[in-house]
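Input: a single structure, listed below in structure tokens.
The values are calculated or read from the model by the stated rules, or taken from the named source; none is laboratory data. A quick note: this is a predicted structure, and the numbers were derived from the prediction, not measured. Glycine gets a Cβ as well: all are built from the backbone with ideal geometry, and neighbour counts include every protein chain shown.
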Amino acid sequence: MRQLPNPKKLLSQQTRTSGIKPAFHTIETPAYVFDLELLTDNLKYLDQLAKALDVKIIFAQKSYSYYSTYPLISKYLSGSTASGLYEALLAKEEFPGEIHVYSPAYKTDEIRQLLEFVDFIYFNSFAQWQKYLDLINQAKKARKIQVGLRVNPEYSATEHDLYNPAGRFSRLGITAQAFEQGVAEYGLEGIDGLHFHALCQENADSLAKVLTNFENKFSAYIKPMSWLNFGGGHHFTEANYQVDLLADILRNFRLKYPAQTIYFEPGEAISLDAGYLVCEILDIVQNEIKIAIVDTSATCHMPDVLEMPYTPRVFLLDEQYCEDDYYIEAEIIDDELLKEQTIIKMDNIYRLGGPTCLAGDIIGNYKFPRPLRLNDRLVFCDMALYAHVKTNTFNGMPLPNLVTLKSGEGFEVEREATYFDFKNRLGNMTSRQD
Ligand SMILES: Cc1ncc(COP(=O)(O)O)c(C=O)c1O
């Protein structure tokens, strides 16, 4: 095996925050900024990891669809995976490499289109596979298509029900019992691989447990497969990722199943910590505590903050509060802590909220290095994943601009948000214009 790369050698957290330059003052807000140097750092690491472990890493587009960077990503990864027709079409147009697609259920017209260009198609039930078998067999006469089934290992270490694909009553993946019934009824001829996805921001120890369950429940079916896909949720580019443990897990697995190509399809790990959301303070109001209203919104621009929930790291752009070229990060104050009078009375404590009508459009509570002022700029970290693909225009909120930060070249506005992003989603814009 080649030398394993060490995730601790990825650009450090400090280097990542030092990417926040005063020039962030020059761009229009709100804006997502995608940092190519940080993205490339992750990609080079993943490329080394895939080579060292002799696995294929493909890119789960659902986490990051900033497609002007797809040519860069495709230089380092074997291909991409899509959650349905539209992401698959985006891959066809923008991402050279293998195209995989998995959806919990397909419509006939989607399948017809997908079978024209995808390389791998995964089904979530025997019934869906059988429904489209004739179309698949027809398409296979013209081109090579690999077919997979997603199974449910019925174990996940994920604590949040919202993100647990292996939780009770989950619709995602075929359970061992349903699989056995499916095999008894239809056999497995024409199935090339098995897929599971049961991790969320997890380390190799979680993979070990999921894999043990997968093997225990599906061992009879693994050997005839030509490939296996271990899904996403692997936090490969996180500094504490247990890469040696991952190598051990794969070594042991291959003693039993040496012939199968192993795929991983992470999303988050590709763009982890490689982007920002920049905003500006519009007003500061007082209701027991100080509340700064910013021109971005948790519910519209960073919905995971509410869904997970979590509080994102934030920096105040002020050169005076920049030590050794590194900005000083605001301290996150827990909601419970904020209930204590001593904390409420402390200086420079602010709650940050969006300008929508939703009372819960709250980004978090923070202690800043100085009192906030109108027009101050704030930079939220780790915003190059999931945030920009989950945006909405509730209340007519403008979408953030999409901006690329190129090392040595500065900012390039890739897409400016307009009123028409809002209007176009809600009706037929062209019919009203004449
Ligand atoms: C089937 C599947 N594959 C891959 C991923 C990517 O996961 P992550 O971004 O956590 O790595 C997801 C995320 O939900 C998924 O559902």
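Worth a mention:
- Any strands (runs of 3 or more DSSP E) falling wholly within the stretch 11-122 and containing at least 1 residues that are within 23 Å of residue 144 (Cα to Cα): 56-60, 79-82, 98-102
- Single residue of 350, 327, 366 found to be buried (at least 20 other Cβ atoms within 10 Å of the Cβ), modelled with pLDDT under 95 and not polar (S, T, N, Q): 327
- Yes/no for residue 165 being surrounded by 13 or more Cβ atoms within 10 Å (Cβ to Cβ), under 18 Å from the mean Cα position of the chain (by Cα) and closer than 17 Å to residue 217 by Cα: yes
- Close contacts from the stretch 312-326, counting a first residue that is at positive phi and a second that is assigned to a helix (DSSP H, G or I), with Cβ to Cβ under 6 Å and a gap of 6+ residues or different chains, come to 325/18.
- Taking first residues from the stretch 100-125 that are more than 13 Å from the ligand (Cβ to nearest atom) and partners that are charged (D, E, K, R), the Cβ contacts under 8 Å between residues at least 6 apart in sequence or on separate chains come to 117/92; 119/98; 119/144.
- Evaluation of residue 228 against the conditions (1) surrounded by fewer than 17 Cβ atoms within 10 Å (Cβ to Cβ); (2) in contact with a helix residue (DSSP H, G or I) (Cβ under 9 Å, 6 or more places away or on another chain) shows that the sole unmet condition is (1).
- Of everything in the stretch 161-206 that is outside any helix (DSSP H, G or I), away from the ligand (no atom under 11 Å from the Cβ) and among the aliphatic types (A, V, I, L, M), the residue that is nearest to residue 235 (Cα to Cα) is 166.
- Out of 387, 359, one residue alone is assigned by TED's automatic domain parsing to the domain that holds residue 279 and surrounded by fewer than 17 Cβ atoms within 10 Å (Cβ to Cβ). It is 359.
- Per-region count, the stretch 330-347, residues in a loop (DSSP other than H, G, I, E, B) and surrounded by 17 or more Cβ atoms within 10 Å (Cβ to Cβ): 1
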